[in-house]
Amino acid sequence: MLKGMVSLVTGGASGLGKATVERFVKNGGKVVILDIQGTRAQQVAKQLGENVAVATGCVTSEADVKKALDIVRDKFGRLDTLVNCAGQSKTHQVYNFHKDKSCELDDFVKCINVNTIGTFNTIRLSAGLIGKNTPDDNGQRGVIVNTASTIAYEGDIGQAAYAASTAAIVGMTLPIARDLASQGIRVVTIAPGFFDTPLMNYLPEKMLEFIKRMTPFPSRLGKPEEFAHLVTSVVENSMLNGEVIRLDGAQRWFPL
């Protein structure tokens, strides 16, 4: 099913998105990466060969997403799968009482813009192209896979922006799945726990060790390849729709 499949992967230059691109290509798929990190995306494409193309841009921009879809259409002729991995993580307390200062509203807005609005923007613009596909034997025309976070359910101090932005992705999953069902387009969201990606670079080693201990099994950070494996499982399982899947080693976060 993955062989010959054409995908648009946002945030595909690093982390979870890059692992997803690599897995798709390894299984015979074709991918366009949409990422604000243009140079890094080009490096990924060069490593993986002619079945990967790059669109440099931001998921919040209608023009940038349309440009990416034009590349998909021109190079590969259609779009089967959209995988939303582009994201931003900001950690700020609502109010710092030691400094007698509130957090910056702009930081909250940026997180909502990239994670929530960016995800919706790519879905709304990609759905039309996916919907032009000839349905398969199950009536399916394509699949949309979004990325949220377990922080949507169990955010800690300082994570209000990230929790709110990813909770919105969780909340839009079922309505959009129902919205696109008539066209045979499935919508599934993955809510990963703590994974070994660049988004974790801001955490000190002591905190990373604590997170590992808080994960029942396996007691470690998730590997991007494990996320990519679940993405392909979602694509291959036609009955998965309108669902949010936790991928976290049974971790449940408790406030410190």
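The values are calculated or read from the model by the stated rules, or taken from the named source; none is laboratory data. Computed from a predicted model, the values in this text were never measured in an experiment. No Cβ is skipped: glycine too gets one built from the backbone with ideal geometry, and neighbour counts run over all protein chains shown.
Looking at HIS92 and the list (1) part of a strand (DSSP E or B); (2) modelled with pLDDT under 95, which single condition is not satisfied?
Result: HIS92 passes all but (1).
How about the stretch 137-148: which of its residues are exposed (fewer than 13 other Cβ atoms within 10 Å of the Cβ) and out of contact with any Gly (no Cβ under 7 Å at 6 or more places or on another chain)?
So the first thing to find is which residues in the stretch 137-148 are exposed (fewer than 13 other Cβ atoms within 10 Å of the Cβ), and the list is 137-139.
Within the stretch 137-148, ASP137, ASN138 qualify.
Go through (1) buried (at least 24 other Cβ atoms within 10 Å of the Cβ); (2) under 28 Å from ALA152 (Cα atoms) one by one and return the number of the condition GLY57 breaks.
Condition (1) is where GLY57 drops out.
Specify the residue that is farthest from the chain's Cα centre (by Cα); the eligible residues are those in the stretch 186-239 that are at pLDDT below 95, part of a helix (DSSP H, G or I) and under 23 Å from ALA168 (Cα atoms).
If we filter the stretch 186-239 for residues that are at pLDDT below 95, which is where we start, we get 193-222.
Add one more test, that the residue is part of a helix (DSSP H, G or I), and what stays is 198-200, 205-213.
Now drop any that are not under 23 Å from ALA168 (Cα atoms), which leaves 198-200.
Details: PRO198: 14, LEU199: 13, MET200: 15 Å.
So, considering only residues that are at pLDDT below 95, part of a helix (DSSP H, G or I) and under 23 Å from ALA168 (Cα atoms), the one farthest from the chain's Cα centre (by Cα) is MET200.
Just give me the residues in the stretch 141-174 being outside any helix (DSSP H, G or I) and in contact with a strand residue (DSSP E or B) (Cβ under 7 Å, 6 or more places away or on another chain), in sequence order.
Step one: filter the stretch 141-174 for residues outside any helix (DSSP H, G or I), giving 141-150, 155-159.
Residues satisfying the conditions are ARG141, GLY142, VAL143, ILE144, VAL145, ASN146, THR147, ALA148, SER149, THR150.
A quick yes/no check of all residues on (1) free of Cβ contacts under 8 Å to residues at least 40 places away in the same chain; (2) buried (at least 24 other Cβ atoms within 10 Å of the Cβ); (3) of a type in the set (Phe, Trp, Tyr):
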{"site": "ASP64", "(1), (2), (3)": "yes, no, no"}
{"site": "LEU69", "(1), (2), (3)": "no, no, no"}
{"site": "ARG73", "(1), (2), (3)": "no, no, no"}
{"site": "GLY77", "(1), (2), (3)": "no, no, no"}
{"site": "ASN84", "(1), (2), (3)": "no, yes, no"}
{"site": "GLY87", "(1), (2), (3)": "no, yes, no"}
{"site": "THR91", "(1), (2), (3)": "no, no, no"}
{"site": "TYR95", "(1), (2), (3)": "yes, no, yes"}
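Restricting to the stretch 69-90, name every residue that is of a type outside the set (Val, Ile, Thr) and within 17 Å of CYS58 (Cβ to Cβ). Can you show your working first?
Going through the stretch 69-90, the residues of a type outside the set (Val, Ile, Thr) turn out to be 69-70, 73-80, 82, 84-90.
The answer is LEU69, ASP70, LEU82, ASN84, CYS85, ALA86, GLY87, GLN88, SER89, LYS90.
Scan the stretch 3-22 for residues that are out of contact with any Gly (no Cβ under 8 Å at 6 or more places or on another chain) and surrounded by fewer than 24 Cβ atoms within 10 Å (Cβ to Cβ) and jot them down.
Matches in the stretch 3-22: SER14, GLY15, ALA19, GLU22.
For the stretch 64-83, state whether one or more residues are assigned to a helix (DSSP H, G or I) and under 15 Å from ALA19 (Cα atoms). Working first, answer last.
Restricting attention to the stretch 64-83, the residues satisfying the condition of being assigned to a helix (DSSP H, G or I) are 64-76.
From what's left, under 15 Å from ALA19 (Cα atoms): none.
No, the conditions are met nowhere in the stretch 64-83.
With ASP106, ASP80 as the choices, which residue is of a type in the set (D, E, K, R) and touching a Gly at 6+ places or on another chain (Cβ under 7 Å)?
The conditions single out ASP80.
Within the stretch 104-120, is there a residue that is surrounded by 18 or more Cβ atoms within 10 Å (Cβ to Cβ), over 30 Å from MET5 (Cα atoms) and aromatic (Phe, Trp, Tyr)?
Yes, that holds for at least one residue.
Within the stretch 1-20, work out how many residues are in contact with a helix residue (DSSP H, G or I) (Cβ under 9 Å, 6 or more places away or on another chain) and either over 14 Å from VAL72 (Cα atoms) or charged (D, E, K, R) (or both). Before you say what the answer is, go through the steps one by one.
First, pick out the residues of the stretch 1-20 that are in contact with a helix residue (DSSP H, G or I) (Cβ under 9 Å, 6 or more places away or on another chain): 1-2, 5-20.
Subset that is either over 14 Å from VAL72 (Cα atoms) or charged (D, E, K, R) (or both): 1-2, 11-20.
Looking only at that region, the number is 12.
Between residues in the stretch 40-52 that are over 15 Å from SER7 (Cβ atoms) and residues that are among the polar types (S, T, N, Q), which pairs lie under 7 Å by C-beta distance while being six or more apart or on different chains?
ARG40/SER14
Where the second residue is of a type in the set (Phe, Trp, Tyr) and part of a helix (DSSP H, G or I) and the first is under 29 Å from ILE185 (Cα atoms) and lies in the stretch 102-131, which pairs have Cβ atoms under 7 Å and are six or more apart or on separate chains?
CYS111/TYR162
Identify, please: which residue in the stretch 220-246 is within 14 Å of PRO192 (Cα to Cα) and touching a helix residue (DSSP H, G or I) at 6+ places or on another chain (Cβ under 6 Å) and is, among those, surrounded by the most Cβ atoms within 10 Å (Cβ to Cβ)?
Across the stretch 220-246, the extreme among qualifying residues is VAL231.
When the residues of the stretch 156-186 are narrowed to those that are surrounded by 16 or more Cβ atoms within 10 Å (Cβ to Cβ) and without any contact (Cβ under 8 Å) to a residue 40 or more places away in the chain, which ends up farthest from ASN133 (Cα to Cα)?
Applying the first criterion (surrounded by 16 or more Cβ atoms within 10 Å (Cβ to Cβ)) to the stretch 156-186 yields 159-170, 172-173, 176-177, 180, 183-186.
Those still in the list that are without any contact (Cβ under 8 Å) to a residue 40 or more places away in the chain too: 163, 167.
Numbers: ALA163: 35, ALA167: 31 Å.
Only one residue fits best here, namely ALA163.
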